[in-house]
Amino acid sequence: LAGITAAIMAAALAEERVGQVVLPGDLLLLPAQPEEDGERLRLGPVAAPRGRLLCGPGLRRGRAGLVVTKCGLLRCRGAPGLAYWVDTQQRRYVPVKGDHVIGIVTSKTGDFFKVDVGGSEQASLSFLAFEGATKRNRPNVQVADLIYGQFVVANKDMEPEMVCIDSSGRANGMGVIGQEGLLFKVSLGLIRKLLAPDCEIIQDLGQLYPFELVFGMNGRIWVKAKTVQQTLIVANILEACEHMTAEQRKQAVAKVLEN
């Protein structure tokens, strides 16, 4: 009874909690919306158009609405479709289907590679999951190589499975990452911020000098610039961005430009 009472007290409209801190167990009620084509998705006393509501990381569907499972800031995105998620600073990665990640090849087992993606278990990667790969034309992948790919299977009851091709069989930027460069790890919240289309951090870093960046949703970043010194500067600024304000970041970039 105490748990039920606490959940009722923590209940609030999701739109009112956007941008605020939410805690595990909080109940987020969904705003009632007008009928659309007579098709409805019923969540207890609250209804939402079928296929229009997306439940992101840190939330799960409940009979009365959305239940918070992680501590963080509640975020919302509008059209197309209504999406809610919790923006956390967690560093432990849990594989999600469709996520693009950076993995490290740890072994070859028959026709599969084992890839460390930073989760609780390693992912499997078939040698046929590369563009142009056949039984006779196998990809040149060695142990300790860095792989950029996406998950096609990721749930708690099965081993994660990766591929390095899209739905049309094209690599589309996925595959083995170059041997040079630097790989480092940041929080998952910083990765989501860096992947935003209008990210000011990337725009500020672009003023320094040319470099290559690969972001993995598992919190890994690979960076390569013309020299080792430039690579380290970019990596250090990216790591520090998590704890710097926009003004502090601009001052750091301006100081590098002066030198």
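Just a yes or no: is a residue in the range 181-193 without any contact (Cβ under 8 Å) to a residue 12 or more places away in the chain, of a type in the set (V, I, T) and out of contact with any Leu (no Cβ under 6 Å at 6 or more places or on another chain)?
no
Looking only at the range 221-238, which residues are surrounded by 15 or more Cβ atoms within 10 Å (Cβ to Cβ) and in a helix (DSSP H, G or I)?
Q230, T231, I233, V234, A235, I237, L238
Mind listing whichever residues of the range 133-164 are hydrophobic (A, V, I, L, M, F, W, C) and farther than 18 Å from P95 by Cβ?
If the condition is that a residue be hydrophobic (A, V, I, L, M, F, W, C) and farther than 18 Å from P95 by Cβ, then A133, V141, V143, A144 are the ones that fit.
Restricting attention to the range 175-194, which residues are farther than 18 Å from G118 by Cα and not small (G, A, S)?
Q179, E180, K193, L194
In the range 56-82, which residue that is within 17 Å of V21 (Cα to Cα) and among the hydrophobic types (A, V, I, L, M, F, W, C) is surrounded by the most Cβ atoms within 10 Å (Cβ to Cβ)?
L66
Report yes if K114 is without any contact (Cβ under 8 Å) to a residue 40 or more places away in the chain, farther than 30 Å from K226 by Cβ, in contact with a Ser or Thr (Cβ under 6 Å, 6 or more places away or on another chain) and not β-branched (V, I, T), otherwise no.
The answer is yes for K114.
How many residues are under 21 Å from Q179 (Cα atoms) and among the basic types (K, R) if we restrict to the range 117-166?
Matching residues across the range 117-166 total 1.
Hey, among the residues in the range 121-139 that are farther than 20 Å from W222 by Cα and polar (S, T, N, Q), which one's surrounded by the most Cβ atoms within 10 Å (Cβ to Cβ)?
Per the criteria, the residue is S124.
Restricting the search to the range 173-199, which residues are surrounded by 16 or more Cβ atoms within 10 Å (Cβ to Cβ), under 20 Å from A133 (Cβ atoms) and of a type outside the set (A, V, I, L, M)?
Answer for the range 173-199, where residues must be surrounded by 16 or more Cβ atoms within 10 Å (Cβ to Cβ), under 20 Å from A133 (Cβ atoms) and of a type outside the set (A, V, I, L, M): just G175.
Only the coordinates and a few stated rules stand behind these numbers; no lab work does. A quick note: this is a predicted structure, and the numbers were derived from the prediction, not measured. Note: ideal-geometry Cβ built from the backbone for every residue, glycine included; neighbour counts use all protein chains shown.
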